[in-house]
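The values are calculated or read from the model by the stated rules, or taken from the named source; none is laboratory data. Just so you know, these numbers come straight off a predicted model, no measurement behind them. Here the Cβ positions follow ideal geometry from the backbone for every residue, glycine too, while neighbour counts run over all protein chains shown. These area figures cover heavy atoms from the full protein model, side chains too; ligands, DNA and RNA do not enter into them. Shrake-Rupley method; radii C 1.70, N 1.55, O 1.52, S 1.80 Å.
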Amino acid sequence: MGKEIWAKISDTMVWIYEGYTLKAAHVRLLGRRGKRTVPDHVPPKAQAFLLRDHAWCLKRAAAIGSACLQVVEALFDDKVMDNLRGVQGILSFADKNGEKRLEAACERALAYGSPRYHTIKHILNRALDTQPVAEAVSHLPEIYRSGQSRFARKTPSSPIHKEACP
């Protein structure tokens, strides 16, 4: 900050100098957008966060409890997205709220069939983790507990559609 630097750029590399001292070397990214961070240039707190990979998350979740581990495994099993950031966020709730509360929140989220970051955050923020899970699920309509889709359209072969047709 506040220092004069200069850069040498080739087709594949970028070198940053302060005076005649090389301060950094980066692989050059091609295209208009993109970013690549050199781990050594990240502040120590952020480095610790970046080290929390899949294996670390699974190990930490297992230490918290079985429900927390089930939530983490469900998020990692999602083939559409890599939910590492969401899992890291869920596990950080243990630091803020305690492991027992996080385990109870994960158990509740699993009972509702919604093992997601926002669900667990909502449960913890509203202290819903203190309510028994069996009581919470018993008042749900059968459609929620059966796993059926609430918004599926009736097909021509369904009994409801046949009754409606003359």
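Summary table below
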item	result
Members of the range 14-24 that are in a strand (DSSP E or B) and either open to solvent by less than 50 Å² (accessible area, probe 1.4 Å) or hydroxyl-bearing (Ser, Thr, Tyr) (or both)	VAL14, ILE16, TYR17, THR21, ALA24
Flag if ALA46 is under 24 Å from GLN131 (Cα atoms) and of a type outside the set (Lys, Arg)	no
Test result for ARG28, open to solvent by 90 Å² or more (accessible area, probe 1.4 Å), at pLDDT below 90 and either in contact with a strand residue (DSSP E or B) (Cβ under 6 Å, 6 or more places away or on another chain) or of a type outside the set (A, V, I, L, M, F, W, C) (or both)	yes
Which numbered condition ARG52 misses (of (1) in a loop (DSSP other than H, G, I, E, B); (2) without any contact (Cβ under 8 Å) to a residue 24 or more places away in the chain; (3) within 30 Å of ILE120 (Cβ to Cβ))	(2)
Some residue of the range 47-67 being touching a strand residue (DSSP E or B) at 6+ places or on another chain (Cβ under 8 Å) and open to solvent by 70 Å² or more (accessible area, probe 1.4 Å)	no
Failed item in (1) over 25 Å from ASP53 (Cβ atoms); (2) surrounded by fewer than 19 Cβ atoms within 10 Å (Cβ to Cβ); (3) at pLDDT 85 or above, with ALA104 passing the rest	(2)
Lone qualifier among ALA74, ALA94, ALA109 - being farther than 17 Å from LYS59 by Cβ and either open to solvent by less than 70 Å² (accessible area, probe 1.4 Å) or free of Cβ contacts under 8 Å to residues at least 24 places away in the same chain (or both)	ALA109
Residue ID - farthest from the chain's Cα centre (by Cα), chosen from residues in the range 110-133 that are of a type in the set (D, E, K, R) and part of a helix (DSSP H, G or I)	ASP129
